[in-house]
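Heads up: the structure comes next, in structure tokens.
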Amino acid sequence: MKVTVVGAGAVGASCAEYIAIKNFASEVVLLDIKEGFAEGKAMDLMQTASLNGFDTKITGVTNDYSKTAGSDICVITSGIPRKPGMTREELIGINAGIVKEVSSNLAKHSPDTILIIVSNPMDTMAYLVHKTSGLDKNKIIGMGGALDSARFKYRLAEALGAPISDVDGMVIGGHSDTGMVPLTRLATRNSVPVSKFISEDRLNKVMEDTKVGGATLTKLLGTSAWYAPGAAVSGLVQAIACDQKKMFPCSVLLDGEYGMDDISIGVPVILGRNGIEEIVKIELSDAEKAHMKQSAEGVRKVNDLLEL
């Protein structure tokens with residue numbers, strides 16, 4: 001099992017680290033355009049192997065896509081990160097060109113690979129890859145929902161005063177501050193609806209805190225977060241590599257599902273060795289449908305800025 005991570009910055013390096021520590025891949029290739037940067041990150045990570053007990057080989061390369069050949073799964077984290085006050089949508093002009101070039105190079109050297117898109121604005125970048133890479137649609141996956149759901153569960157556990165292992169919840173819709181649709185109605189504490197434990201006002205605050213989770217961290221850190229995004233990516237990679245058939249909300253190209261066409265947006269899917277094994281249809285309330293429609297409109301506005 002060979003995994004390539006493009007972009008050796010904070011998110012990419014964290015992703016490579018979590019994949020290596022889980023010890024399911026034989027090799028992780030870390031690629032960056034900055035001379036020696038990926039090589040240095042790979043060496044640093046490999047020097048933790050005996051301490052963290054993993055045998056995964058981590059290789060760093062500078063812009064040499066031939067070293068990524070034969071990758072089963074490729075992760076694209078490259079692009080400029082969010083700055084304080086910057087929305088994900090504002091990133092599109094620069095990142096679209098980067099993601100298009102990277103995905104083309106990866107597909108050229110690994111035509112059977114599965115791509116996981118992390119670069120923002122993520123739904124639009126995933127849509128761009130669908131339109132330009134030539135890969136089957138089940139092999140192009142946007143990461144956002146997995147991260148947003150992890151942030152949702154963190155906020156739920158905080159509100160409940162409960163261990164996070166007790167909490168389950170999911171966020172669908174666009175990966176943006178206004179586009180997320182946290183499914184508070186379906187959130188549970190050990191199978192009991194969370195509405196049994198906390199007030200509607202508190203639950204609404206959880207929802208709003210979740211939606212600005214990325215912006216909150218960007219303001220605090222001065223850049224995008226990296227631990228949780230890296231962990232979210234590693235979860236998707238492991239589900240595919242180990243054929244786990246796990247359910248995650250991911251940005252996928254819809255063809256009539258949820259009443260939408262020609263858009264990549266977050267919905268629950270089953271991930272396995274073929275990438276997206278199934279798009280899971282869940283019944284949404286009228287309010288949730290309205291939020292999803294509004295979210296899709298926002299994603300389409302950003303998609304319209306692409307020069308396809």
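The values are calculated or read from the model by the stated rules, or taken from the named source; none is laboratory data. These figures come from a predicted structure and were not determined experimentally. Note that each Cβ is placed from the backbone with ideal geometry, even for glycine, and that neighbours are counted across all protein chains shown. Side chains are part of the model used for accessible areas, which takes the heavy atoms of the whole protein and leaves out ligands, DNA and RNA. Shrake-Rupley method; radii C 1.70, N 1.55, O 1.52, S 1.80 Å.
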Exercise for review: Considering every residue within segment 72-92, establish whether at least one is out of contact with any strand residue (DSSP E or B) (no Cβ under 9 Å at 6 or more places or on another chain), of a type in the set (K, R) and closer than 24 Å to I276 by Cβ.
Suggested key: yes
Revision key, fill the gap. Subset of segment 240-257, residues part of a strand (DSSP E or B) and within 22 Å of V299 (Cα to Cα), comes to F248, P249, C250, S251, V252, L253, L254, D255
Revision key, fill the gap. Result of the Cβ filter at 7 Å on segment 258-270, keeping first residues that are in a helix (DSSP H, G or I) and partners that are open to solvent by less than 10 Å² (accessible area, probe 1.4 Å), at least 6 apart or interchain, is Y258/V267; Y258/M292
Check your understanding: Are any of the residues in segment 123-136 more than 14 Å from the chain's Cα centre (by Cα), part of a helix (DSSP H, G or I) and either under 18 Å from M292 (Cβ atoms) or of a type in the set (A, V, I, L, M) (or both)?
Key -> yes
Check your understanding: So, in segment 181-193, of the ones that are open to solvent by 10 Å² or more (accessible area, probe 1.4 Å) and of a type in the set (A, V, I, L, M, F, W, C), which residue ends up nearest to S285 (Cα to Cα)?
Key -> L186
Revision key, fill the gap. Picked from segment 43-62 (must be over 20 Å from A225 (Cα atoms) and assigned to a helix (DSSP H, G or I)), the residue least open to solvent (accessible area, probe 1.4 Å) is A49
Check your understanding: If you check every pair at least six apart or on different chains, which have Cβ atoms under 7 Å apart with a residue in segment 60-79 that is in contact (Cβ under 8 Å) with a residue 24 or more places away in the chain and at positive phi first and a residue that is assigned to a loop (DSSP other than H, G, I, E, B) and among the β-branched types (V, I, T) second?
Key -> N63/I33
Review point. If you take the residues in segment 212-222 that are open to solvent by 40 Å² or more (accessible area, probe 1.4 Å) and in contact (Cβ under 8 Å) with a residue 24 or more places away in the chain, which one is farthest from the chain's Cα centre (by Cα)?
Key: K219
Review point. Which residues, taken from segment 288-308, are polar (S, T, N, Q) and crowded, with 19+ Cβ neighbours inside 10 Å?
Key: S295, N303
**Study point:** Per-region count, segment 121-176, residues open to solvent by 20 Å² or more (accessible area, probe 1.4 Å) and β-branched (V, I, T)
**Key:** 2
Check your understanding: Right, A225: farther than 14 Å from G145 by Cα, part of a loop (DSSP other than H, G, I, E, B) and either open to solvent by 70 Å² or more (accessible area, probe 1.4 Å) or among the aliphatic types (A, V, I, L, M) (or both) or not?
Key -> yes
Exercise for review: Could you check A239 against (1) surrounded by fewer than 19 Cβ atoms within 10 Å (Cβ to Cβ); (2) out of contact with any helix residue (DSSP H, G or I) (no Cβ under 9 Å at 6 or more places or on another chain) and say which number it fails?
Suggested key: (1)
Review point. Does I141 meet the test of being within 19 Å of V11 (Cβ to Cβ), in contact with a strand residue (DSSP E or B) (Cβ under 6 Å, 6 or more places away or on another chain) and not in a helix (DSSP H, G or I)?
Key: yes
Exercise for review: Pull up segment 255-276, narrow it to residues that are within 14 Å of K137 (Cβ to Cβ) and over 17 Å from the mean Cα position of the chain (by Cα), then point me to the one that is surrounded by the fewest Cβ atoms within 10 Å (Cβ to Cβ).
Suggested key: G256
Study note, to complete from the structure: Looking across segment 20-32 at residues that are open to solvent by less than 20 Å² (accessible area, probe 1.4 Å) and free of Cβ contacts under 8 Å to residues at least 60 places away in the same chain, the single one that is farthest from A241 (Cα to Cα) is L31
Study note, to complete from the structure: Residues of segment 21-34 being under 21 Å from A69 (Cβ atoms) and of a type outside the set (G, A, S), in sequence order, are F24, E27, V28, V29, L30, L31, D32, I33
**Study point:** From the options E101, E17, E35, residue that is assigned to a helix (DSSP H, G or I), surrounded by fewer than 20 Cβ atoms within 10 Å (Cβ to Cβ), at pLDDT 95 or above and of a type in the set (D, E)
**Key:** E101
Practice item. Would you check which residues across segment 159-192 are in contact (Cβ under 8 Å) with a residue 24 or more places away in the chain and in a strand (DSSP E or B) and list them? Key: V167, V171, I172, G173, M180, V181, P182, R189
